[in-house]
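Encoded as structure tokens, the structure appears first; notes follow it.
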Ligand SMILES: Nc1ncnc2c1ncn2[C@@H]1O[C@H](COP(=O)(O)OP(=O)(O)O)[C@@H](O)[C@H]1O
Ligand SMILES: [Mg+2]
């Protein structure tokens, strides 16, 4: 940059503002919390210090309501390299390689400014992953919008999808999967959960623990502006009518700078310069510096005047609390500064030595040599509040009797209506706006169970998916929590992958309400049991509370992101039926559970509150059935596989027929009410397809292993046919499946 | 792109930094896809003014084969090596999906492995692929056989409903008048092995290698 | 009558496009260029001749569609 | 001095963004809106005070980078 374009930035000292009760309250600190602040400081804090306490102790950064429960989740397995607590979780995938992944919410910002809110969510989660030394290879996004009829829904879908695509596409990272659903509980609080999966060498992973007294502290990336100040506290406060009027500043993302930052960081990681590295996410410089120093048990001194600034007159308070995007903090080995600087200059990014590590255990901030804040690090982190909030358990509702759930509807009419419902219809309109092919390694594109991404230079691949069924979680959080985990496990299994671990994003309402806290506790308990039973630990995650407007919270939504490995890409499959005459066999038991089903909601019109218990989850059965199916895929014995979930058996068959563009003759005798058999959402089930010659053998094999297996259809024709007068053509089915979303998004075309 | 070229050439291509001011002796220059400079201002506009592009233009004028895919095509038009411009898609949305292409003009270097009129399946992934040129230019391109590829359906029919982005005359790729420069929006490198679901793009690279060796 | 609407990013909001242009101009050897900001201009043909009515209608359009007032400001010029 | 550059699509070049806005305004119930065109406005801070020099420098920038003259026209305003 030429001299003439360098602008001089002058800093403004924080005005001396008296710390009154109001100022404390505005910073979201309760009177009790403020008492702790005074204890720790031994004096009244100045505004900068108060701001630091406020963001560090916000729900978003401190996990004060959730910590107690998160600790109960299983986080270990022989293949886990790094569990929760770092920027992302890491699992070993063999050959000295590791998968690095995490999911994070950007709910509130996306509601206020859908494009930039969603875009910066994607940017943030990718930084979490490449901070650890991994190159991002796949993105996913789990989206929940309000009911389609709500006046804001269309605008929010449009902006969020464009924002996710805008950032991910520009970065050149394929967005390969996700989920999208609609429900009135999200009318005022949409959920935008973004997940990134990266690939690293297992022996060159970077952590955030600062070490080495005297080592330089380095700032790289974009300059700091007055972006999203108080964003982190905003993300922890319930919405009220005034929220939109206040219009907090939303950050604007700069994916091109992030791309440069990614390449520069990975290049620097190829040297021995880095001691520790941490991205600046929520609460920017404050939380990154506190976390790094805190983990290392060292002090840190930062010269705020050295922080690259985009605007003039920024105060220490603003610099510490800014949430400007595309920035990183690093501790380097002394003497490595020049080598590092060269790399960042080559990538045309800011690089500044802004301080060093000290042995004081304190964070000291200076401007032009004068101290403007001085706080103890450990006491602040250790005293960070942890609440055991009161909670009440959600009782298990009564089981819904199939006879009470619209038994007389023509099955094919019901199918056509269900497959065109907002939750089940094709999300092509969304994922075609995402570059899901860039990098050239996408083997299974969006539209199937899990996406499959090849590991360059190897014969193996990762399978990735995200799932949650909030209506089950609402009906019974514990069952719903377990179900979300097992559904990801089934989705991975259905491609032939061995599931390895999960990340989660816990989206709930106001935890200060005991019933909401009870939903959280229940979901965690269900997840815990499922993870244990499946050897499928949690390695990273994120909590988003206060997703609530005017006292109405979102449906409890513990989104689960699952990652599995396919050790040989020759042995994988997808849901498309392949050859005429092939047999379709259901693995797992069908009992016809219609409680909390989509059939109950969409066809019978039963209100959520009356829809009964969700389908029970039998973890031992999940495991047995899944392992059996994976074995079939590994042996090359089946040529298509799909797990059964939302909508049940008939939807599953329809998905397979549409994907393979071939009809299916359904050959099934009902030993229960037909609609329960066709639309029940019993768990632990898959449909597999094999040659006619192998079908009997497959069923034998299953029977020997005590696994229910039943032939349900034969591939052929151009329709899905139950009987000659009960059939639907593929063309009609496809129109119903594909048209809802585009029609919804462009009503007048 | 590097993978696809490596597969066809049997050796990895050399990567060149955008600030380079001299190019080595070479047979083929490829400008791959991506979002150079974030596609800020206009797609490919800033990259087209990067130092190395002066050399690319010089080599192209000397007759060296140049292939620009997606952002590379946008750069070639911005740099004036190809006529016209690539505007925002008609839908105003980014679009990533497989399309069918009809091999239109015969060109020894770039379509030697395809027969004229052949239909191939290749993915597109772009926000600005809506090819524009004035009528005179379009007539000249068509008249001189400089239209390389057109969007069509599986049977080779063209039409507005089939055209994914609103391109003038369904153009997906064009040659310069000398035939040594091809710019195209679709990504043949994403369909070079069956594992990717289709290998119709392989022919372009194999043909290139044969023609240039 | 014609309305010309300028939509620009609010002061203090990062403008990645402007920044990139600044950088590219520098790379092309243009000296003495300070900050660059990029905005949009939208021209509308209106079939009213009443300035006040036009102004209030276009303001309404800006609030509802043309500008994103979380991060953008707008200004309106009318011409015949 | 400040230079304000307007970059607009040439007459005869279809403007999908303008069309989309037209359509959306119609959908929002705004009547009497004729053609809508969207362009870019780029504001540059220049460290010269000489208008002629500024004008020639900025024209040069437009030709070399800011506008694609195959499809776009530009105009330059100077302000202090
Ligand atoms: N927002 C999205 N982004 C990318 N892909 C999506 C999105 N929403 C849905 N999909 C894709 O659509 C397909 C169907 O999704 P879903 O109904 O959740 O599948 P399943 O029931 O098998 O979990 C999946 O392949 C999924 O990845
Ligand atoms: Mg799924």
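The values are calculated or read from the model by the stated rules, or taken from the named source; none is laboratory data. Worth saying up front: this structure is predicted, and the values here are computed from it rather than measured. As a convention, Cβ positions derive from the backbone with ideal geometry for all residues, glycine included, and neighbour counts pool all protein chains shown.
Summary table
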| read-out | value |
| --- | --- |
| Residue match in the range A:463-475 (condition: surrounded by fewer than 24 Cβ atoms within 10 Å (Cβ to Cβ) and in a loop (DSSP other than H, G, I, E, B)) | no |
| Any chance residue B:45 is touching a helix residue (DSSP H, G or I) at 6+ places or on another chain (Cβ under 8 Å), within 14 Å of chain A (Cβ to nearest Cβ) and closer than 21 Å to residue B:85 by Cα | yes |
| Among residues of the range A:500-519, those that are surrounded by fewer than 24 Cβ atoms within 10 Å (Cβ to Cβ) and within 15 Å of ligand 2 (Cβ to nearest atom), counted | 0 |
| Among (1) over 21 Å from residue B:89 (Cβ atoms); (2) within 16 Å of ligand 2 (Cβ to nearest atom), the one test that residue A:133 misses | (2) |
| Only listed residue being assigned to a loop (DSSP other than H, G, I, E, B), away from ligand 2 (no atom under 16 Å from the Cβ) and without any contact (Cβ under 8 Å) to a residue 12 or more places away in the chain, chosen from A:408, A:435 | A:408 |
| Every residue from the range B:61-82 that is surrounded by fewer than 21 Cβ atoms within 10 Å (Cβ to Cβ) and in a loop (DSSP other than H, G, I, E, B) | B:62, B:63, B:64, B:80 |
| Subset of the range A:453-473 [within 16 Å of ligand 2 (Cβ to nearest atom) and within 12 Å of chain B (Cβ to nearest Cβ)] | A:453 |
| Those residues of the range C:66-80 which are surrounded by fewer than 19 Cβ atoms within 10 Å (Cβ to Cβ), within 14 Å of chain A (Cβ to nearest Cβ) and within 17 Å of residue D:40 (Cα to Cα), in sequence order | C:68, C:72, C:73 |
| Number of positions in the range B:96-139 that are in a loop (DSSP other than H, G, I, E, B) and either within 14 Å of chain A (Cβ to nearest Cβ) or in contact with a helix residue (DSSP H, G or I) (Cβ under 7 Å, 6 or more places away or on another chain) (or both) | 11 |
| Residue among B:26, B:81, B:5 that alone is under 15 Å from the mean Cα position of the chain (by Cα) and away from chain A (no Cβ under 14 Å) | B:81 |
| Residue within the range A:391-404 that is on the phi > 0 side of the Ramachandran plot, more than 16 Å from ligand 1 (Cβ to nearest atom) and in a loop (DSSP other than H, G, I, E, B) present | no |
| Any hit, the range A:665-687, residues being touching a residue at least 40 places away in the same chain (Cβ under 8 Å), touching a strand residue (DSSP E or B) at 6+ places or on another chain (Cβ under 6 Å) and farther than 15 Å from residue A:590 by Cβ | yes |
| Test result for residue A:655, within 12 Å of ligand 1 (Cβ to nearest atom), within 26 Å of the chain's Cα centre (by Cα), surrounded by 20 or more Cβ atoms within 10 Å (Cβ to Cβ) and over 20 Å from residue A:703 (Cα atoms) | yes |
| Strands (runs of 3 or more DSSP E) wholly inside the range A:555-648 that include at least 2 residues being within 15 Å of ligand 1 (Cβ to nearest atom), closer than 14 Å to residue A:496 by Cα and touching a strand residue (DSSP E or B) at 6+ places or on another chain (Cβ under 8 Å) | A:557-566, A:640-643 |
| Breaking point among (1) surrounded by fewer than 18 Cβ atoms within 10 Å (Cβ to Cβ); (2) more than 9 Å from chain D (Cβ to nearest Cβ), for residue C:15 | (1) |
| Among (1) more than 14 Å from chain A (Cβ to nearest Cβ); (2) free of Cβ contacts under 8 Å to residues at least 24 places away in the same chain; (3) crowded, with 22+ Cβ neighbours inside 10 Å, the one test that residue B:40 misses | (1) |
| Of residues in the range A:127-184 being assigned to a helix (DSSP H, G or I), more than 15 Å from ligand 1 (Cβ to nearest atom) and more than 13 Å from every other protein chain (Cβ to nearest Cβ), the one surrounded by the fewest Cβ atoms within 10 Å (Cβ to Cβ) | A:184 |
| Residues that are touching a strand residue (DSSP E or B) at 6+ places or on another chain (Cβ under 8 Å), more than 25 Å from residue A:735 (Cα to Cα) and in a loop (DSSP other than H, G, I, E, B), drawn from the range A:688-724 | A:691, A:707, A:708 |
| Qualifying residue in the range A:491-499 (condition: more than 16 Å from ligand 2 (Cβ to nearest atom), surrounded by fewer than 24 Cβ atoms within 10 Å (Cβ to Cβ) and touching a residue at least 12 places away in the same chain (Cβ under 8 Å)) | yes |
| Cβ pairs under 6 Å, 6+ apart, first in the range A:177-191 and closer than 27 Å to residue A:563 by Cα, second within 14 Å of ligand 1 (Cβ to nearest atom) and part of a loop (DSSP other than H, G, I, E, B) | A:177/A:446; A:180/A:427; A:181/A:423; A:182/A:422 |
| Count of the range A:733-749 residues which are loosely packed, with under 15 Cβ neighbours inside 10 Å and closer than 25 Å to residue A:675 by Cβ | 2 |
| Search result, residues across the range B:109-137 that are free of Cβ contacts under 8 Å to residues at least 40 places away in the same chain and farther than 25 Å from residue B:200 by Cα | B:134, B:135, B:136 |
| Selection count, the range D:18-56, where residues are touching a strand residue (DSSP E or B) at 6+ places or on another chain (Cβ under 8 Å) and either under 29 Å from residue B:168 (Cβ atoms) or facing another protein chain (nearest Cβ under 7 Å) (or both) | 22 |
| Any hit, the range A:350-369, residues being assigned to a helix (DSSP H, G or I) and closer than 25 Å to residue A:56 by Cα | no |
| Residue in the range A:503-517 that is away from chain B (no Cβ under 14 Å), within 14 Å of ligand 1 (Cβ to nearest atom) and over 23 Å from residue A:80 (Cβ atoms) present | no |
| Where residue A:234 falls short, out of the listed (1) touching a strand residue (DSSP E or B) at 6+ places or on another chain (Cβ under 6 Å); (2) modelled with pLDDT under 95 | (1) |
| Residue among A:480, A:496 that is modelled with pLDDT of 95 or more, under 21 Å from residue A:641 (Cβ atoms) and either assigned to a loop (DSSP other than H, G, I, E, B) or within 16 Å of ligand 1 (Cβ to nearest atom) (or both) | A:496 |
